[in-house]
Amino acid sequence: MKRFLTALLFFVALLWLWHFLVDSGRWSAMLLPDPADVGKYLISAVKDGTLLETTWVTMKRLLIGYFAGIVVGIPLGLLTARFLWAHDTIGTLALGLQTLPSVCWVPLALMWFGQTEAAMFFVVIMGTMWSVVISTDNGVRSVPPIYARAARTMGSNGWHTWLRVILPAALPFIVSGVKQGWAFAWRSLMAAEIYVTILTGFGLGHLLHYGRELHAMDQVIGVMLVIVAIGLLADKVLFAPWEAFLHRRWGTQRN
Amino acid sequence: MNHVAAELAPVPCAKLVIDHVSKWFHSGVVKTHALDDVSLTVDEAEFVCLVGPSGCGKSTLLNMIAGLEMADQGSVLMDGKKVVGSGRERMMMFQESALFPWLSVLGNVLFGLKLKPGLKDSERLEVARYYIKLVGLERYERANIHELSGGMKQRVALARSLAPNPRVLIMDEPFASLDAMTREQLYGDLQTIWAARKKTIVFVTHNVREAVCLGDRVVLFSPNPGRVREQFRIDLPRPRDINSPSLAEHATEITRALKQHREVAAE
């Protein structure tokens, strides 16, 4: 409760400071709108449906692309950890492409898929997949061999060992890779949406972009707040349960 | 007879014959002769302790009995049948705790049982609980592995290896990393459990007193290459107390022999 109050106080103070700066009149309201105006914009955008619609478009791209990236990434990571040839080929490719900021895929994606959803999925998948491959590979390599041997004496073999021993043993690594993949995917999707118009759907990035075009700073800041909120929500909904599980089972320190 | 009772019924213990086994390891250009013409018979329900310095191939021999490694020459036989792979009939309990951190105590004990066909999940649960109770951890079945002390972890490991009702139990220095107090308690518990669940046991240790306390027979190994040097039958009454003077006498005798072999090897 005390922690909650401290946090609440901090954010109220922050809003007040913002309001105070606007009130001082040193900046034009065009550049720095009052927090109340941003609030008004957010309420009207929720009421007329634009906010929910754009959020839905963006989240659909993100979630579909993200889960596709994980579904492809984990098996590839297992493959690179299991076979030397896969490590030398796919593993090296993953390592290289992971260093490429995923927004760099946008031009290529637009050329290949046009201004469509497919291009957005592609960018998100590229952002997610490589870090998932690498973390899965690292995770599997760091599994103590004694786990697999113990499992073998209990009659575990082949697929069973991979699914029931190696994969769960590598889970701490995989979760951190999946989380990093999320960060990459989210950033690259926002960049792509701000950067190009996608004909098949109008997302949050576009709303932000058009806010600038219309000189509607309340809209720009309002959308930024929504983007922050989605990031926080994703952390709470997607990752916090896994991290809590790892923390409980492994006894690792929560960060 | 229902499945649980059948599952918990004693299985006939197995007789192990290690028949002229030799093993080499290659790492790069270095070739290590791990075991040289080792022959050993372990009778049904016998508790045999293998003692010797590091590098004498004890663990290698255990791995072969477990079916995790194959002999280069000779063979390991269980009831006259050659061991060609790992199997539930021979369960191994490891040096360091090889428990799975992503599973609870119950999950760990269930792991091997889930691989055993012909049982319902509720029956597996009942069997697992029986063994958890046997090692005295019934209050901890939901606990996570990291929450347990070293001694409790090895109790879980023991329950896990007993749960599929193996005919042979292979133990690779299971108590090496525990403190003396915990170890002493586990010596007592292991003897009680062994009386309740008769198994043929092959037990590796560095600790001569431990071997004398637990074993019907102590087999002395010497290193480079690993060979069987001498065997001692221990006829002390059970349960044995690690601190009893008669046990210490046996231990002294075996330690003396161990030193002699080492000196011979050094010359």
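The values are calculated or read from the model by the stated rules, or taken from the named source; none is laboratory data. Since the model is a prediction, treat every value here as computed from it, not as a measurement. Note that each Cβ is placed from the backbone with ideal geometry, even for glycine, and that neighbours are counted across all protein chains shown.
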Among helices (runs of 4 or more DSSP H) entirely within the stretch A:10-110, at least 3 residues that are more than 28 Å from A:LEU238 (Cβ to Cβ) and more than 24 Å from the chain's Cα centre (by Cα) occur in A:35-47
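Residues are listed down the side, and each one gets a yes or a no for (1) facing chain A (nearest Cβ under 10 Å); (2) under 18 Å from B:LEU162 (Cβ atoms); (3) at pLDDT 95 or above:
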residue	(1), (2), (3)
B:VAL17	no, no, no
B:ALA34	no, no, no
B:ALA45	no, yes, no
B:GLY52	no, no, no
B:GLY57	no, no, no
B:LEU62	no, yes, no
B:ALA66	yes, yes, no
When (1) in contact with a helix residue (DSSP H, G or I) (Cβ under 9 Å, 6 or more places away or on another chain); (2) outside any loop (DSSP other than H, G, I, E, B); (3) within 14 Å of another protein chain (Cβ to nearest Cβ); (4) not polar (S, T, N, Q) are applied to A:VAL124, the one that fails is (3)
Considering each of A:ALA36, A:ALA118, A:ALA109, A:ALA68 in turn, give the residue that is free of Cβ contacts under 8 Å to residues at least 12 places away in the same chain and not β-branched (Val, Ile, Thr).
-> A:ALA118
Where in the stretch A:160-255 are there helices (runs of 4 or more DSSP H), lying fully within it, with 2 or more residues that are among the charged types (D, E, K, R) and within 14 Å of another protein chain (Cβ to nearest Cβ)?
-> A:240-250
Of those in the stretch B:90-112 that are more than 9 Å from chain A (Cβ to nearest Cβ) and farther than 12 Å from A:ALA150 by Cβ, the residue surrounded by the most Cβ atoms within 10 Å (Cβ to Cβ) is B:VAL109
Selection status of A:ARG152, of a type in the set (Lys, Arg), away from chain B (no Cβ under 14 Å) and in contact with a helix residue (DSSP H, G or I) (Cβ under 9 Å, 6 or more places away or on another chain) | no
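This table checks each residue for (1) at pLDDT 90 or above; (2) surrounded by 19 or more Cβ atoms within 10 Å (Cβ to Cβ); (3) in contact with a Pro (Cβ under 6 Å, 6 or more places away or on another chain).
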{"site": "B:SER75", "(1), (2), (3)": "yes, no, no"}
{"site": "B:ARG88", "(1), (2), (3)": "no, no, yes"}
{"site": "B:GLY118", "(1), (2), (3)": "no, no, no"}
{"site": "B:TYR140", "(1), (2), (3)": "yes, no, no"}
Check whether at least one residue in the stretch A:84-102 is surrounded by 14 or more Cβ atoms within 10 Å (Cβ to Cβ), more than 25 Å from A:LEU167 (Cα to Cα) and not basic (Lys, Arg), and report yes or no.
-> yes
First in the stretch B:54-66 and within 14 Å of B:VAL202 (Cα to Cα), second anywhere and of a type in the set (Ser, Thr, Tyr), Cβ under 8 Å, 6 or more apart = B:ALA66/A:THR153; B:ALA66/B:SER86
Considering only residues that are assigned to a strand (DSSP E or B) and more than 17 Å from the chain's Cα centre (by Cα), look in the stretch B:63-76 and name the one that is farthest from B:THR200 (Cα to Cα).
-> B:GLN73
